[in-house]
Structures are given as structure tokens and as C-alpha cells.
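The values are calculated or read from the model by the stated rules, or taken from the named source; none is laboratory data. As the structure is a prediction and not an experimental result, all values here were calculated from the model. Here Cβ is always computed from backbone atoms with ideal geometry, including for glycine, and neighbour counts include all displayed protein chains.
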Amino acid sequence: MTFINSHSYKCLLGPQAKNILEQSEIYTWQVGQKQHLTTSRPLTTSDLPLLNSICPSNFHYFSESNVNFLKEHFQVKRVKNLSIIIDINNLTFSGNQFKSIRHCLNKCSKNDLMLESNFRSLDDIKKLINEWSELYTDKYFRDFSGKNLFFYKNDFHRDCLNLFAYQGINLVGFGTLTPNINGESSYVIGKALYKRIYGLSEWLDVQLYQRAQTLGIKKVNLGQASKGLLSYKSQFSHTEERHFDGNLAI
């Protein structure tokens, strides 16, 4: 299953994105003078006119078969990345291998947290993201905060499965999954202030997965992962999938 669909690709966009186009499950946009491209399906020769029109371009989350297709028609440079796909059919987390997750869930559940389907104010998102940028990006993430804010500001989360965790008046975490597509979903955006509340990341994610279960979702593509983030995502029952980022030129 690919991470990319008509909802999830929008998490790649930022405040400088322009000329955003969706053409037969091919998604393109520009940042400055640079062109960007991703897709949720296999490419065919009928796509060559479009690909030629945007060349040179950076591509994101491409399958190996799509990279091989590009190589037949363009000069291609690419790097391998790893996506984590989790199975959410069983969220009991029984067994020694899930001891850490159970501890996080038990610890976090003792906090007085309110789960809501939307944020109360965009300022809540801004405040959380500011704290995240200052205190969290050194460990797990590159700082994509601007893209996260752009996503919610533009209401891209509409029709998605969303959870926003509040502690009193403070937003302390959020997560967004794409709608069910044949029992599968992509985890678009998620952040939790786990330094404030122990186990919040795991607890909020499991709450999100439990709601996804009720909608018939069985697998969730968590997207790209490396280093500490890879360790976090790999806690759950999962498989791994290679995808490729790179660029194409004539």
C-alpha cells in the first residue's frame, strides 16, 4: 500500500507551495522555481506528456516500479526510504514485546484528557507547533511544523479521521488519518507533547487506531521513518515498505 492518496499528499505541501494540481491521481506543485511530483498509482506511457511538461521535477514516495518506469524515459536520481505499515486488527498489546506500549497507555490514561474531532482554534495548533519546534525536533523529526500548520489552516483535514487531545485549555496532541480506502489508511500528521505527559504519543495514536477500526480500517501506512521515529513506529505490529524520493530530468 502506498502512503500517497488525495488526502495524504497534502502533508507534503507548505506555505510556499503554489500551482497545486491533481491530475488523474498525479499530484504536482511548485515551491519557488522547483517542481514537485507524487502519485498514488502506477505510471503509464499515457502520463509521459504530463511528466515531460513538469520536467525537471523532484518526486516523493515513489514505488520501485514507478522509479523503473521513469528510468526508461528520463534521467533519474533517487534515494531509498522506509515506510512502516502497521496492522491495527489487534490492539490488545498482549505479550512481552508490547510491555512498553502497555506501560505508556496505563501511565497516560491517568491524566485528565479530552479528545475532540477538531481543534478549537488555529491558535491552539500554532502554540503546540511552536513548543514542538523548540523542544522536540532534535530527537525524532525534521521540523515540518510549517507544513503541519498549512495543512490544518487550509482545512485539508476535512473528511479525514482526526483526534485532538486537550488538557484543560491546552492542546497537547493531534493525529490525522486519511479516510478508509479498501481497508487501508495513511497517517498524515501527528504530534504529541510527550515531554509534558508520559506516554501521550502511544496513547493518542492507539485512540486514533481504535476509532479507525470502527470504520473498517485494518492497516495504516505511517509513512517515512528513520532513527528515533523508526524505533517509535516499529513498536507496533508492522511490515516495512521501500519507497523512493529523487528527481527526474530530460
Checklist entry - Would a scan of region 13-33 turn up a residue that is in a loop (DSSP other than H, G, I, E, B), more than 28 Å from residue 157 (Cα to Cα) and outside the structural domain of residue 228 (by TED's automatic domain parsing)? => result no
Checklist outcome for this item: Residues of region 197-231 being assigned to a loop (DSSP other than H, G, I, E, B), modelled with pLDDT under 95 and exposed (fewer than 15 other Cβ atoms within 10 Å of the Cβ), in sequence order, are 226
Item to check | Set 190, 175: member being in a strand (DSSP E or B), free of Cβ contacts under 8 Å to residues at least 40 places away in the same chain and buried (at least 21 other Cβ atoms within 10 Å of the Cβ) | outcome: 175
